[in-house]
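Here is the structure we will look at.
The values are calculated or read from the model by the stated rules, or taken from the named source; none is laboratory data. Just so it is clear, the structure is predicted and the values come from calculations on it, not from any experiment. Don't worry about glycine lacking a Cβ; one is built from the backbone with ideal geometry, like all the others, and counts go over all protein chains shown.
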Amino acid sequence: MHSQTDAWDCLKHVLLRHPAPRYWIAYSGGMDSHVLLHLCATLRDSHAFTAEFHAVHIHHGLQTAADAWTEHCALSYAVRMYQEGVKVVAIPKTMDNDVPGTDYCIGFSTCVTRTIALTNTLRTTAGSHERFLILEVFGRYAGYTAILPTMAGAANRCVIPEFKFDIEHLTELLSKDRMRNPSRYSVVLVSEGATYEGGDMVFESTSTDAYGHAKLGGIGDLVAAQLKDISPRFNNGQMVDVVNQKLGYMVRGGDPDAIDSIVPMAFGNLALDLILKGVHGRLVVLKNGRYDNMPLDVVTASKKTVNVSHFYDTDRYRPKYENFEMKPLFIMTGE
């Protein structure tokens with residue numbers, strides 16, 4: 001793991017490669033900066049302002065020492081830029097939807113939509129072979145990408161990073177679900193950051209990326225193997241086989257859904273509005289169904305994860321909800 005100083009030096013190197021603009025728009029993830037600039041310029045029918053600011057892609061790879069500021073968001077580097085005197089406006093974009101201060105991050109709706117669709121595609125295989133279906137989904141520190149599809153009916157159970165689960169209890173629950181299903185199958189969504197009771201996060205291997213990050217992945221494989229081994233205890237001595245699939249990049253590629261076609265356009269223009277007003281050090285947000293902006297340091301002031309006591313049943317390993325009145329669009333994603 002590199003030091004915080006090394007990480008900042010790396011980011012400064014990125015900044016120095018560009019001419020000095022008056023403002024920077026910072027965002028995380030894989031959005032194309034040229035698309036963002038083009039969208040804003042086209043909608044305003046003007047390209048004159050593009051020399052005034054620059055879009056910088058703060059890639060998750062630059063989160064080398066982000067734990068020193070925040071675990072969950074590469075936008076912590078935008079905060080550091082602002083603290084160093086750089087004029088920054090930030091846009092929340094991560095399909096994990098774990099940026100504090102906003103109910104919604106670009107990519108989340110498409111991720112949930114794809115997860116539901118892919119689960120429904122694979123359930124026919126699980127049903128035809130009467131198996132457990134285990135799907136590993138994204139979600140390093142927050143379980144929104146597992147809990148929302150489960151709430152929407154894609155899965156019987158889900159395990160999330162915010163609560164350590166018991167594999168034997170999960171096997172019992174899925175076995176009962178399977179027996180109640182006329183097609184004799186059941187489905188569990190497993191967040192990549194989920195952990196067993198007494199265990200730690202599971203990584204793909206001992207190797208790291210170019211910035212020193214160990215790559216999460218493999219918890220789905222472990223869950224699948226143990227479900228298979230434990231299943232005879234809850235199935236009259238007969239083993240239940242599994243269908244095990246890591247959704248991975250299948251949910252990241254392709255066309256965005258309707259929400260993720262509208263929100264990026266709005267966020268880009270919100271950022272532009274702030275720039276044209278001479279305002280910086282702000283994060284554009286979607287809060288309580290309305291577009292707004294907040295102080296940028298909200299990103300590092302807290303963590304945004306699933307509120308387990310309100311929205312997760314720790315005995316049934318399912319979303320918990322009683323009343324939808326006045327809840328945000330995605331129910332448990334508000335703060």
**Prompt:** How many residues does segment 232-283 hold that are assigned to a loop (DSSP other than H, G, I, E, B), free of Cβ contacts under 8 Å to residues at least 12 places away in the same chain and surrounded by 13 or more Cβ atoms within 10 Å (Cβ to Cβ)?
**Reply:** 0
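Results for (1) surrounded by fewer than 24 Cβ atoms within 10 Å (Cβ to Cβ); (2) modelled with pLDDT under 90; (3) of a type in the set (Val, Ile, Thr); (4) part of a strand (DSSP E or B), shown as yes or no for each residue.
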position: Val89; (1), (2), (3), (4): no, yes, yes, yes
position: Asn97; (1), (2), (3), (4): no, no, no, no
position: Cys111; (1), (2), (3), (4): no, no, no, no
position: Leu118; (1), (2), (3), (4): yes, no, no, no
position: Leu122; (1), (2), (3), (4): yes, no, no, no
position: Gly127; (1), (2), (3), (4): yes, no, no, no
position: Glu136; (1), (2), (3), (4): no, no, no, yes
position: Leu148; (1), (2), (3), (4): no, no, no, no
**Item:** Hits in segment 284-308 - residues which are touching an Asp or Glu at 6+ places or on another chain (Cβ under 9 Å) and either among the hydrophobic types (A, V, I, L, M, F, W, C) or in a loop (DSSP other than H, G, I, E, B) (or both)
**Value:** Val284, Val285, Leu286, Asn288, Gly289, Ser302, Lys303, Lys304, Thr305, Val306, Asn307, Val308
**Fill in**
Going through segment 150-166 in order, the residues found to be more than 19 Å from the chain's Cα centre (by Cα) and within 20 Å of Ala126 (Cβ to Cβ) are Gly153, Asn156
**Request:** Given the conditions (1) loosely packed, with under 15 Cβ neighbours inside 10 Å; (2) at pLDDT below 95, report the number of the one that Pro182 does not fulfil.
**Result:** (2)
**Request:** Being β-branched (Val, Ile, Thr) and either farther than 18 Å from Arg140 by Cβ or outside the structural domain of Val263 (by TED's automatic domain parsing) (or both) is the filter here, so list the residues in segment 282-304 that pass it.
**Result:** Val284, Val285, Val298
